[in-house]
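**Student:** Please find one structure pasted underneath; my questions will follow.
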Amino acid sequence: MQNRSLLTLSPSVESVLDTLSSSTTAGFGSVQVAQSLDRLLPLENSMNEFGSQVEQIRNAMIEVLENDEDMSEMYLTDKMVTGHRRRTDQHEDVEMMFETYLKQVDSILNEIRSIAKEVEVTENVIQIRLDAARNRILRLEVYLNLVTMSLAAGALFAGVFGMNLTSGYEEHPYAFYIVSTSLLGSSVLFFKGSMAYLRFKRIFP
């Protein structure tokens, strides 16, 4: 029963882990990866529940192996024929049988723990990749905000020169080019200065 359950769960978990492990950070938005992430938690819960059941079976078998009286009581045919149970030291067959089953249970439990460890490692890798993707998005957002602020600073000066006030530069033949170049330069300097400050504070690499 335990072997069949493990043979059912193990391939499903391994398939999900293979999909998630082979995917790149950029591929985390794909449908296949999203479906694998949706399947991972239910499979992990099923594996943990199955592991708990196997652990309980193992503990029960160990408890029986430590009790000579219980093992001698398991010779039901002898008890029916003779009318009494065997002596407490006459249970070699039952003990060997339980020890054989215990080895199988230990093997199943070790495999469950191995799969659980793989799931944990994969979850850690996924978290690292998601953190990296989140950091890239935050950096992009900061870049866009800085560009917006730089253009807004240039637009402020452009608005001042665009007011209906006489300044003596209206008739200058190169005034438009000088002002435009100055506004563009001030926007670039504002952006570079902001980036240099962020790097100085180690906010950006």
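**Student:** Once you have the Cα-Cα distance between residue 56 and residue 21, take 0.36 nm times their residue separation minus that, and quote the gain in nm to one decimal.
**Tutor:** That pair, residue 56 and residue 21, stretches by 9.4 nm at full extension.
**Student:** Just to check I understand the Karplus step: with θ = phi - 60° and J = 6.51 cos²θ - 1.76 cosθ + 1.60, what whole-Hz values come out for region 41-55, glycine and proline as x?
**Tutor:** 5, x, 5, 5, 5, 5, 5, 5, 5, 5, x, 5, 5, 5, 5
**Student:** Say each of residue 127 and residue 195 gets a label point 7 Å from the Cα, pointing the same way as Cα to Cβ; how far apart are those two points in nm?
**Tutor:** Calculated label separation equals 3.4 nm.
None of the figures in this text is laboratory data; all of them are computed from the coordinates on show. Since we're looking at a predicted model, the values are computed, not measured. With ideal geometry, Cβ positions are generated from the backbone for all residues, glycine too; neighbour counts draw on all protein chains shown.
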